[in-house]
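*Asks:* Below: one structure in structure tokens.
Every number here is computed from the coordinates shown, using simple stated rules; none is lab data. Remember, predicted model here, so these are calculated numbers, not experimental data. With ideal geometry, Cβ positions are generated from the backbone for all residues, glycine too; neighbour counts draw on all protein chains shown.
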Amino acid sequence: MKKLLIYLKDYKKETVFAPLFKMLEATFELFVPLVMAAIIDRGIGQADTGYVLKMGGILVALGLIGLLCSITAQYFAAKAAVGFSTGLKHALFDHIQSLSFTEIDTLGTSTLITRMTSDVNQVQNGVNMVLRLFLRSPFIVFGAMIMAFTIDGKAAMIFVVTIPLLAVVVFGIMALTMPMYKKVQAGLDAVLGATRENLTGARVIRAFHKEEEETERFEEKNDVLTHLQLVVGRISALTNPVTYIIINAATILLLYTGAVRVDNGSITQGEVVALVNYMSQILVELIKLANLIITITKALACANRIEAVFEVESSMAWRDGASVEGAAAEEKRLTELDNAAAGDNRTGKNHGEHTDFAVVFDHVHLTYKGAGAESLSDIHIQVPKGQTVGIIGGTGSGKSSLVNMIPRFYDATAGTVRVDGRDVKTYGMEELREKIGIVLQKAVLFRGTIRDNLLWGNGSATDEELWEALRLAQAKEFVETKEGRLDAPVAQEGRNLSGGQRQRLTIARALVAKPEILILDDSASALDYATDAALRRALKELPGEPTVFIVSQRASSIRHADQIIVLEDGEMAGCGTHEELLADCEVYQEIYYSQFERQADGGR
Amino acid sequence: MGQRETFRRVLHYIRKYWLYLTASIVMATVTVALTLYFPILTGRVIDLVLGPGQVDFGGVFAILKLMAVIAVATGLAQWVMNVCNNKMTYRIVQDIRNEAFQKIEILPLKYIDAHSYGEVVSRVIADVDQFADGLLMGFTQFFTGVITILGTLGFMLSVNVAVTGVVVLVTPLSFFVAGFIAKKTFTMFHLQSETRGEQTALIEEMVGNQKVVQAFSHEDEALDAFDEINGRLQDCSLRAIFFSSLTNPSTRFVNNLVYAGVAVVGAVYAVRGGISVGQLSCFLSYANQYTKPFNEISGVVTELQNALACAARIFALIEEEPQTPEPENAKTLKDVAGRVELSHVDFSYVPDKKLITDLNLAVKPGQRVAIVGPTGCGKTTVINLLMRFYDVNSGKICVDGADIREVTRKSLRENYGMVLQETWLKAGTIRDNIVMGRPGATEEEVIAAAKASHAHSFIKRLSKGYDTVIGEDGGSLSQGQKQLLCITRVMLCLPPMLILDEATSSIDTRTEIRIQKAFATMMQGRTSFIVAHRLSTIREADVILVMKDGNIIEQGNHETLLQKKGFYAKLYESQFAV
């Protein structure tokens, strides 16, 4: 929580004034029993009606001043709390955007979303309540005690004993039940889990006729939950009766002491009434305080979760765009070495005219955070500019991992990835990612229009450029039939479009940016074969001859690539053209023949 | 369901606990009466403490003793009431949840498919909780509130009419103030929740798809859009929170006015000798308490309505029509050969949108039937009908000559082994999931099944092998691994008929080919229905059903269909078009 408090710094004035005015209000409230005592002792005692009226006026005035103080306090509290959460949310959003893919993977986006929404709201609520009540309630409790001392020291001693006793009871019961409520929550989660499971798995559960067994399991869980709730309930049900008895016992004592003190002339009748009033004020505030503590505990738990997000630092350091010349020179030297080495390499054989590589993987290894085994091992590839590279392999073979390293979504655990001859770590973030257009596996679009989405690639693209990108991505036809064409609405996540349409639009979005390197990460999987083929033809004609990476499970999608990389369990099982691989790469053969009829004469 | 009907249902659940309810009501009455009596006794003591030397200690002691007894009795009554309420509330919640769950198990799939899981879960969890809190707590609050008000009025009237008049006349003011503020703030809260919804939507999009945002270096734009909404939210939140927070100070002020009124009028009466100082002090503590139940009751009414709305949603679920019950003389399918006949089957999910019309099919025991066709043509629907997840609208489906509506669901489904495209695993160990169809299977049988489905090698590598606990819906397993487990599950029980719905869609083609071999052994002598988009896996079927728009447009084996040069031939060609 401490670290979050800096978001209150723009609201120092409000943060101080809110509780201050609350205390003022409380002070005026504390005068009421004194005025009442005066009415009884002087007004009634001396039958002075004028005095009674005057004091009545003072009571109204005290109430009015209290009201004004309180409204002021509420305003400041609301302003500080809302301002606090606004600043907090801004910082949190900014921070989340600065995290690298590794951190996003470990945290998971769904938790990030709840932390930014409901957790922040809880904290805002907590701040608001603390500013309003946290000082007021103890102030009234202790204020009432002090006021009692001004009336009579001896009677006030009863307050001195009662207040800690009440505190022990109220907070003791809370301390006892709080951990039990956590168990109740866990029990409720179990009941919820069982319910959800039986909905999502309805078909399988029925297919295996497990209905009765599942019902038994549910009822067991439900019973555990109910039992827990009853146990906790029995304890917390004690709070009210016990505090009630303590307060009233104190009142009885107070009346007795009062009687003795009045009898020997130390205090007046009216003052006894005032003392009793102070005691009941304490009871009211104590209940408020107990409720407040619950709100605060919740808010603190949420604050800790938010803080945990702030504590996660991006594991990836980006260089500022400017100061890279030295590094660039160093990289250039290395590239020359690579080029020399590549002279007798198969890539050189195919494209002898290229001396410059768009992308180089130099013995790259990748282990994801928290993973036991390497996801990529010793990947060594050189891709000349303008080449089309196909990447194929089974599920989990590391295809996506490989291409995700080019825009530096993940850093290599060993080895280097070079783009245009420079280590990706020497680039500024925008500098690198502007070169690269990547179409991710999951076709994600954002709420807005088709145009809005395409402009993500390049904010200043003209309509003509957008249509050209759509044409290349094989999306022109269906966009033309949409009402509003480029201005046709796109729902959140693009839910109003089919999977194939979404994929083509995400491809178009990447093309709008006219990247030097285009990566399609299994992004044609929802397209039928004919469209897929048309797309591949269009990619060949791309202006500016970008280097293209195509990741696919389909052999047909990559067989015409200049270079095909075959991955198995994170290792390169082969690299070469279709013909070369078909001749000597066993893994490739297996994949290919699993999808294509083996020619009668080509069988093993 | 009308509110009255809902309320009747609620009473039905409470009836079982009428003893607790009665006890609770009695104890509430006792608590309130004693609580109200306490200030009167306090007043009497004060009247006995007039001044130096004018204290009647005998009287004081007598009353104080009575007060002590009353304080303890009140505490006890309150505790008993709380415990009764708890017991009643939690038991009713338990009953309702059990009933809701039992209903979920017998709901037709039609209902489950048509409702989002989250919605149903929230009925069973959140709505039931809110109902319990709102209705039962609300009820006790309402009840004690009303008794407090009536009791206070009675006590006050018995002491002094004029002072009571002051209290009764001024108190409604706090009602008006609270109502006025609530009305004014309603639109502000509405605006706040709308803006908050807008912000949540943006957060879900941008944070949920953070990878795309970063891939396009779109962070700054996203932050700008966020800040714009954030700023608007700040404005309307401030207004909503501030204005609504005026309720408490305002009602407290009204309360203070009541207090001052009672003080002045009471004191004037006391001067004239109309009431004693003790009675005045009693009035003052009533004045302090009197407005509280009013404020509570106004809150309780909305809470009660809300609770009834929640209850209505739960009861709607509980009263949902269950699947057609089995006829009393339902037969048990035994020693199934695997002859399946569909005759003149009509089916549609929505009444006016025809899907399957006049479907006829006769499958001999041990035959392999492949169903192919474009997405949405009704392939999965056929399986829904075979398994009797849905009932046909007209026509009939027979297994070994018996109409499947006349046999027990259990025996029908027992005879099918099913692997669906959507893999579903329950929370538990890998073994729990595999033995679902045959709880008594031995370790050797489990491993043999896992080896046959090529799942053994990955299970072996998990941290605890077959005892590895997986979370809800498979947790950290990949889609392909989950599918392998689902296949193992069927491999273990080997029923006489099989249904494979895109069973290998998430498995890479190499592994798939290996599994196909296992499937081929498994399908030997078993009637099987296979849905797949990879035509290569279907080629070996005895009968291929080519579906389009809910109809079987072609039927035959691979060779004859190819020769026909129809729809199947076209599909097959497109697979090989490069």
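*Asks:* By how many nm would the segment from residue A:42 to residue A:54 lengthen if fully extended, with 0.36 nm per residue of separation less the alpha-carbon distance?
*Replies:* 3.1 nm
*Asks:* Sticking with this one: By Kyte-Doolittle mean hydropathy of at least -0.5 and Cα axial length of at least 24 Å, which whole DSSP H helices of chain B are selected?
*Replies:* B:18-48, B:57-106, B:138-159, B:172-208, B:219-244, B:247-271, B:277-318
*Asks:* To the nearest 20 debye, what is the magnitude of the charge dipole of region B:345-408 about its Cα centre, counting +1 on the Cβ of each Lys and Arg and -1 on the Cβ of each Asp and Glu?
*Replies:* Here region B:345-408 has a charge dipole of around 240 debye.
*Asks:* Averaging sequence separations of C-alpha pairs under 8 Å and six or more residues apart, then dividing by the length of chain A, give the relative contact order as a whole percent.
*Replies:* For chain A, the relative contact order is 14 percent.
*Asks:* How crowded by other chains is B:83-95, given as the mean number of beta carbons from other chains within 10 Å of each beta carbon?
*Replies:* 4
*Asks:* Based only on Cα atoms, what mean projected area does the convex hull of region A:1-126 have, in nm²?
*Replies:* Result: 9.7 nm².
*Asks:* Peptide B:386-398: average number of partner chain Cβ atoms within 10 Å per residue?
*Replies:* Counting Cβ atoms of other protein chains within 10 Å of each residue's Cβ and averaging gives 1.
*Asks:* OK, next. Farthest toward the dipole's positive end in region B:355-473, which of B:453, B:360, B:420, given Cβ charges of +1 (Lys, Arg) and -1 (Asp, Glu) about the Cα centre?
*Replies:* B:453
*Asks:* Something else about it: Would you work out which of B:150, B:116, B:132 lies farthest towards the positive end of the dipole of region B:94-171? Charges go on Cβ: Lys and Arg +1, Asp and Glu -1.
*Replies:* B:150
*Asks:* Additional query: Between residue B:565 and residue B:396, what FRET efficiency follows from the Cβ-Cβ distance if R0 is 41 Å, with the result rounded to 0.05?
*Replies:* Efficiency at R0 = 41 Å is approximately 0.75.
*Asks:* Which residues does the label zone of residue B:349 cover in region A:192-236, counting backbone N under 14 Å from a point 7 Å along Cα→Cβ?
*Replies:* Backbone N within reach: none found.
*Asks:* Let me ask something additional. What's the average, rounded to a whole number, of partner chain beta-carbon atoms within 10 Å of each residue's beta-carbon in A:90-102?
*Replies:* 4
*Asks:* Ok, one more. From a point 7 Å beyond the Cα of residue A:174 in the direction of its Cβ, which residues of region A:277-302 have a backbone N at a distance under 15 Å?
*Replies:* A:283-301
*Asks:* Please get the size of the charge dipole for chain A, origin at its Cα centre, with Cβ charges of +1 on Lys and Arg and -1 on Asp and Glu, quoted in debye to the nearest 20.
*Replies:* 2660 debye
*Asks:* Run the simple label-point estimate for residue B:557 and residue B:232 please: 7 Å along Cα→C-beta, distance reported in nm.
*Replies:* 6.7 nm
*Asks:* Could you pull out every residue, at least 5 positions away or on a different chain, whose amide H is within less than 5 Å of the one on residue B:548? Hs are placed 1.01 Å off N in the peptide plane, and Pro or chain starts have none.
*Replies:* Result for residue B:548 returns B:553.
*Asks:* Which angle between 0 and 90 degrees, to the nearest 10, do you get for helix A:529-540 versus the longest principal axis of chain A when only C-alpha atoms count?
*Replies:* Roughly 80 degrees, rounded to the nearest 10.
*Asks:* Quick one: Debye curve from the alpha-carbon atoms of region B:1-69 only, equal weights, vacuum; give me log10 I(q)/I(0) at q = 0.14, 0.15, 0.17, 0.21 Å⁻¹ to two decimals.
*Replies:* The calculated log intensity ratios at q = 0.14, 0.15, 0.17, 0.21 Å⁻¹ are -0.62, -0.66, -0.73, -0.90.
*Asks:* Going from the alpha-carbon gyration tensor of the protein assembly as shown, what semi-axes, largest first and in whole Å, does one get by taking the root of 5 times each eigenvalue?
*Replies:* 72, 39, 25
*Asks:* First obtain the Kirkwood hydrodynamic radius of chain B from its Cα pairs, then insert it into the Stokes-Einstein equation at 25 °C and 0.890 mPa s, and state the resulting D in µm² per second as a whole number.
*Replies:* Result for D is 79 µm²/s.
*Asks:* What is the Cα centroid distance between region B:45-87 and region A:436-506, reported in whole angstrom?
*Replies:* 78 Å
*Asks:* What is the helix-to-structure angle for A:586-595, meaning the angle in degrees between its Cα long axis and the longest Cα principal axis of chain A, kept from 0 to 90 and rounded to the nearest 10?
*Replies:* Relative to chain A, helix A:586-595 is tipped by roughly 80 degrees.
*Asks:* For residue B:402, which sequence-distant residues (separation of 5 or more, or a different chain) have an amide H within less than 5 Å of its own amide H, given hydrogens modelled in the peptide plane?
*Replies:* Long-range HN contacts for residue B:402: none found.
*Asks:* Using R₀ = 60 Å, calculate the FRET efficiency as 1/(1 + (r/R₀)^6) where r is the Cβ-Cβ separation of residue B:542 and residue B:114; round to 0.05.
*Replies:* For residue B:542 and residue B:114, the calculated efficiency is 0.95.
*Asks:* Here's a follow-up. By how many degrees, 0 to 90 and rounded to 10, does the Cα axis of helix A:211-236 deviate from the longest principal axis of chain A?
*Replies:* The helix A:211-236 is inclined about 30 degrees to chain A.
*Asks:* Next question. With a ≥ b ≥ c taken as the square roots of the eigenvalues of the C-alpha gyration tensor of region A:206-288, please select rounded if a/c is under 1.5 and otherwise prolate if a/b is larger than b/c or oblate if it is not?
*Replies:* Prolate, because a/c is 1.5 or more and a/b exceeds b/c.
*Asks:* Follow-up question, since we're still on this one. Rank-order B:382-389, A:272-279 by packing density, defined as the average count of other C-beta atoms within 10 Å over each peptide's residues, highest first.
*Replies:* With the highest mean Cβ count within 10 Å placed first, the list reads A:272-279, B:382-389.
*Asks:* If each of residue B:517 and residue A:65 carries a label point 7 Å out from its Cα toward its Cβ, how far apart are those two points in nm?
*Replies:* 9.5 nm
*Asks:* Okay, next question. Quick check on the exposure proxy: order A:444, B:258 from fewest to most C-beta atoms within 10 angstrom.
*Replies:* Ranked by crowding around the Cβ, least crowded first: A:444, B:258.
*Asks:* Rg (Å, one decimal) plus Dmax (Å, integer) for the alpha carbons of chain A?
*Replies:* Rg, Dmax (Cα atoms, Å): 36.7, 126.
*Asks:* With +1 on the Cβ of every Lys and Arg and -1 on the Cβ of every Asp and Glu, and nothing else charged, how large is the dipole of region B:142-250 about its Cα centre, in debye rounded to the nearest 20?
*Replies:* Dipole about the Cα centre, nearest 20: 980 debye.
*Asks:* Given R₀ = 25 Å, what would the calculated FRET efficiency be for residue B:248 paired with residue A:20, taking r from the Cβ atoms and rounding to 0.05?
*Replies:* Computed FRET efficiency for residue B:248 and residue A:20: 0.90.
*Asks:* Determine the gain in length on full extension of the stretch residue A:488-residue A:94; use 0.36 nm per residue of separation and subtract their C-alpha separation, reporting nm with one decimal.
*Replies:* That pair, residue A:488 and residue A:94, stretches by 138.8 nm at full extension.
*Asks:* Another one. Taking a threshold of 30 Å on the Cα-Cα distance, which of the pairs A:369/B:426; B:184/B:292; B:211/B:464; B:334/B:464; A:221/B:379 fall above it?
*Replies:* Too far apart for the 30 Å limit: B:211/B:464; B:334/B:464; A:221/B:379.
*Asks:* Compare the peptides A:69-82, B:177-190 by average per-residue count of other Cβ atoms within 10 angstrom and give them in order, highest first.
*Replies:* Most protected by this proxy first, the peptides run A:69-82, B:177-190.
*Asks:* Right, next: Which residues in region A:268-283 have a backbone N closer than 16 Å to a point placed 7 Å from the Cα of residue B:66 along the Cα-to-Cβ line?
*Replies:* Once the point is set 7 Å along Cα→Cβ of residue B:66, nothing inside region A:268-283 turns out to lie under 16 Å by backbone N.
*Asks:* Given a cut-off of 28 Å, what percent of all Cα-Cα pairs of region B:158-303 lie beyond it?
*Replies:* Of all Cα-Cα pairs in region B:158-303, 48 percent lie more than 28 Å apart.
*Asks:* Please give, to one decimal in nm, the separation of the simple spin-label points placed at residue B:221 and residue B:494, each 7 Å out from Cα toward the Cβ.
*Replies:* Calculated label separation equals 5.9 nm.
*Asks:* Now, a different point. Rg and Dmax in Å for region A:481-526, alpha carbons only: what are they?
*Replies:* 11.8, 33
*Asks:* Which whole-number percent gives the relative contact order of chain B, counting Cα pairs below 8 Å spaced six or more residues apart?
*Replies:* Relative contact order, chain B: 15 percent.
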